[in-house]
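Enquirer: I have a structure I would like to understand better, so I am pasting it below and will then ask my questions one at a time.
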């Protein structure tokens, strides 16, 4: 089993009102990024459904230099209708993300919960302060 020190929260950088389903994200990662599978371990759609991506035992492809020791969680959204960073999480996503992070913290009690932007200042992702997940 991998040693997990980080739970990294991401957004899909999808404008509010546009859909980017789990299947679409997976296809994008495979076709356009050349990954074997979706880069995230979990993907939370606007309806609050938590989709399993890569198995937790597998290294993700979501945050350069931090994939080997992290779990990647992404929510659908993160941009306003004009494409600017914004916390677009729905009430269903808020609840689902909170519950998912709680479960992950039980499994990995020493892991820090961080946003992608905390590890790469050039990113706005996940477009909210993860201390309040």
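Enquirer: Output the residues belonging to the range 90-127 that are under 12 Å from the mean Cα position of the chain (by Cα) and part of a loop (DSSP other than H, G, I, E, B).
Expert: Result: 125, 126, 127.
Enquirer: Further question: Please verify whether residue 53 is under 11 Å from the mean Cα position of the chain (by Cα) and either at pLDDT below 95 or at positive phi (or both), treating the condition exactly as stated.
Expert: Judged against the criteria, residue 53 is not a match.
Enquirer: If you don't mind, another one. Test residue 87 against the criterion of being loosely packed, with under 14 Cβ neighbours inside 10 Å and part of a loop (DSSP other than H, G, I, E, B), and give yes or no.
Expert: no
Enquirer: Could you tell me which residue of the range 1-18 is surrounded by the most Cβ atoms within 10 Å (Cβ to Cβ), considering only residues that are at pLDDT below 95 and more than 21 Å from residue 104 (Cα to Cα)?
Expert: 16
Enquirer: Residue 50: in contact with a helix residue (DSSP H, G or I) (Cβ under 6 Å, 6 or more places away or on another chain) and surrounded by fewer than 24 Cβ atoms within 10 Å (Cβ to Cβ), yes or no?
Expert: Against the criterion (in contact with a helix residue (DSSP H, G or I) (Cβ under 6 Å, 6 or more places away or on another chain) and surrounded by fewer than 24 Cβ atoms within 10 Å (Cβ to Cβ)), residue 50 qualifies.
One line per residue, one yes/no per condition, for (1) in contact (Cβ under 8 Å) with a residue 40 or more places away in the chain; (2) over 18 Å from residue 69 (Cα atoms):
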site: 4; (1), (2): yes, no
site: 8; (1), (2): yes, no
site: 14; (1), (2): yes, yes
site: 20; (1), (2): yes, yes
site: 23; (1), (2): no, yes
site: 26; (1), (2): no, yes
site: 29; (1), (2): no, yes
site: 34; (1), (2): no, yes
site: 53; (1), (2): no, no
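Enquirer: Quickly run through the range 64-84 and pick out the residues that are surrounded by fewer than 21 Cβ atoms within 10 Å (Cβ to Cβ) and in contact with a helix residue (DSSP H, G or I) (Cβ under 9 Å, 6 or more places away or on another chain).
Expert: Matches in the range 64-84: 64, 65, 66.
Enquirer: Mind checking which residues of the range 18-60 are in contact with a strand residue (DSSP E or B) (Cβ under 7 Å, 6 or more places away or on another chain) and either over 23 Å from residue 96 (Cα atoms) or in a helix (DSSP H, G or I) (or both)?
Expert: Correct list: 22, 25.
The values are calculated or read from the model by the stated rules, or taken from the named source; none is laboratory data. Since this is a predicted model, take the numbers as computed values, not measurements. We place every Cβ from the backbone using ideal geometry, glycine too, and count neighbours over all the protein chains shown.
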